[in-house]
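Undergrad: Here it is, the structure, as C-alpha cells.
The values are calculated or read from the model by the stated rules, or taken from the named source; none is laboratory data. The shown structure was predicted, so the numbers you read here are calculated from the model rather than taken from an experiment. We place every Cβ from the backbone using ideal geometry, glycine too, and count neighbours over all the protein chains shown.
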Amino acid sequence: MTTFVPPRLDTNPHLPFGDQRTAPFYGKDILSVKQFNHQDLEYIFAVAHEMRTMVHHIGTFDLLKGKILANLFYEPSTRTSSSFTSAMERLGGSVIPINEVRYSSVSKGESLPDTVRTLECYADVIVLRHPEIGSAALAAKYARKPIINAGDGVGEHPTQALLDAFTIVEELGNIDGLTVTMLGDLKYGRTVHSLTRLLSLFDVRINYVSPDILPIPAEIIDELNERGIHQFQSDNLDEMLADTDVLYVTRVQKERFVDEAEYESVKSAYVITPETLSRAKDRMIVMHPLPRVGEIAMEVDDDPRAAYFRQMEYGLYVRMALLAMVLGKA
Ligand code: NCD
C-alpha cells in the first residue's frame with residue numbers, strides 16, 4: 001500500500017502554492033473573462049489541477065486558514081454559492097453567507113457600494129451575484145478587497161467559463177482543434193457569453209444553435225470574428241451534431257423574459273435524449289452549467305459522454321484555485 005505524503009504547501013518548489021504576494025492575481029478582481037490571456041489560463045488550470053489532486057488525497061488543507069470570504073448573492077444559486085463555500089472551507093478559510101439579501105440591509109434600501117464596503121470590513125474577498133450587468137464592476141470600484149463576479153445579470157459569469165474550459169481540458173485533453181456547439185438560450189445565457197469569449201483564446205470552431213428569438217448577441221459574434229474564430233449559426237442541431245466535440249446545453253432563462261408567452265413558446269425547443277446522442281461522436285462530451293429544466297433527459301445521465309455532473313466537481317477545484325490566487329497563496 002502506498003501512503004500519500006502531503007506536500008509542504010509553502011516550500012515545495014514544484015507546487016504553485018506559497019506566500020507569493022507578487023503572484024499575478026494577488027489582490028485582483030475577477031470581473032470578466034476579457035481580463036485573461038492564454039498564459040493566465042494555463043496557470044489557472046495548473047493550480048486547479050493541483051487542487052484536484054490535493055482534495056482527492058487529503059480533502060481539506062490550511063492554505064487559506066484565517067481568511068474570510070463573503071458570499072453575496074442577490075439572485076438564486078445552488079452550485080456557485082455552495083462551491084465557493086466548499087472551496088473556501090476546503091482551504092481552511094471561512095465564509096459569511098448572504099444568500100438571502102432580503103434578510104439583510106439590502107431590503108432596507110442599502111446600495112450595492114455600501115453593502116460591499118460593509119462586507120469588506122469583515123471579509124478578505126467578496127463573491128457577488130447580482131441581476132444587473134456591470135454590478136460586479138461597480139462593486140469593484142468601491143471595494144478595496146477583491147470582488148469575484150459570480151454572474152452579473154445577462155452579462156458575464158467568468159468563474160463558470162473558467163470551470164467550463166477546465167472541464168474540457170480535463171475531459172478531452174485540450175481545447176485547440178475542437179468544435180464546440182452552444183445550444184439553447186444564447187441571448188440571455190451569461191455562461192455562454194463568457195465561455196465563447198474565453199474559447200476564442202484557442203483554435204476552436206463555434207456553432208450556435210438557438211431559437212430565432214434567442215440568438216447569440218451580435219457583439220460577441222463581432223468580437224470573435226476579430227479574433228479569426230470560425231462561427232456558424234443555425235436553429236437546427238442536426239446540422240451541427242456529427243462534428244461536435246463539446247455540446248454545451250443551456251436552460252432557457254425564464255427569469256429574463258418580459259413576456260411569459262414568449263418563454264413558453266421556446267422553453268422546450270431542444271431536448272437532448274439518448275437518441276440525439278446516438279448521432280453524436282463516440283468521443284465527445286455534453287456539458288450544461290445547470291440547473292437543467294428539461295433540456296437534457298435524465299436517461300442521458302448514464303452515458304459516459306454526459307459530463308455535466310463532473311463539470312460541477314471541476315468547479316470546486318477552479319474556485320479553490322481562484323481564491324488561493326486572489327488571496328496571494330498561488
Ligand atoms: C448558471 C447561471 O447562474 O448563469 N448557473 C450556474 O451558475 N451554474 C446557468 C443558469 O442559471 O441557467
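Undergrad: For the stretch 308-324, enumerate the residues that are touching a residue at least 12 places away in the same chain (Cβ under 8 Å) and surrounded by fewer than 24 Cβ atoms within 10 Å (Cβ to Cβ).
TA: 308, 310, 312, 316
Undergrad: Any idea how many residues of the stretch 239-252 are modelled with pLDDT under 95 and closer than 18 Å to residue 76 by Cβ?
TA: 0
Undergrad: Continuing with this model, one more query. Taking residue 104, is it in the same structural domain as residue 144 (by TED's automatic domain parsing) and within 16 Å of the ligand (Cβ to nearest atom)?
TA: When the stated conditions are applied, residue 104 does not pass them.
Undergrad: Is at least one residue of the stretch 162-181 more than 30 Å from residue 273 (Cα to Cα) and surrounded by 24 or more Cβ atoms within 10 Å (Cβ to Cβ)?
TA: no
Undergrad: Further question: Is it the case that some residue within the stretch 279-294 is more than 25 Å from the chain's Cα centre (by Cα), farther than 17 Å from residue 205 by Cα and not in a strand (DSSP E or B)?
TA: Looking through the stretch 279-294, at least one residue is more than 25 Å from the chain's Cα centre (by Cα), farther than 17 Å from residue 205 by Cα and not in a strand (DSSP E or B).
Undergrad: Part of a helix (DSSP H, G or I), within 16 Å of the ligand (Cβ to nearest atom) and under 21 Å from the mean Cα position of the chain (by Cα) - does that describe any residue in the stretch 257-274?
TA: No, the stretch 257-274 has no match at all.
Undergrad: Here's another thing I want to ask about it. Would you call residue 118 over 20 Å from the mean Cα position of the chain (by Cα) and either among the β-branched types (Val, Ile, Thr) or modelled with pLDDT under 95 (or both)?
TA: yes
Undergrad: Let me ask you something else. Condition test on residue 324, is it away from the ligand (no atom under 16 Å from the Cβ), within 22 Å of residue 128 (Cβ to Cβ), small (Gly, Ala, Ser) and not in a loop (DSSP other than H, G, I, E, B)?
TA: yes
Undergrad: Given the stretch 156-255, what helices (runs of 4 or more DSSP H) lie entirely inside it while holding 3 or more residues that are within 16 Å of the ligand (Cβ to nearest atom)?
TA: Per the criteria, 158-172, 190-199.
Undergrad: Find the residue count for the stretch 87-99, including only residues that are surrounded by fewer than 18 Cβ atoms within 10 Å (Cβ to Cβ) and either in a helix (DSSP H, G or I) or free of Cβ contacts under 8 Å to residues at least 12 places away in the same chain (or both).
TA: Counting residues in the stretch 87-99 that are surrounded by fewer than 18 Cβ atoms within 10 Å (Cβ to Cβ) and either in a helix (DSSP H, G or I) or free of Cβ contacts under 8 Å to residues at least 12 places away in the same chain (or both) gives 1.
Undergrad: Could you grab me the full set of residues in the stretch 144-170 that are small (Gly, Ala, Ser) and under 10 Å from the mean Cα position of the chain (by Cα)?
TA: Within the stretch 144-170, 150, 151, 161, 165 meet the criteria.
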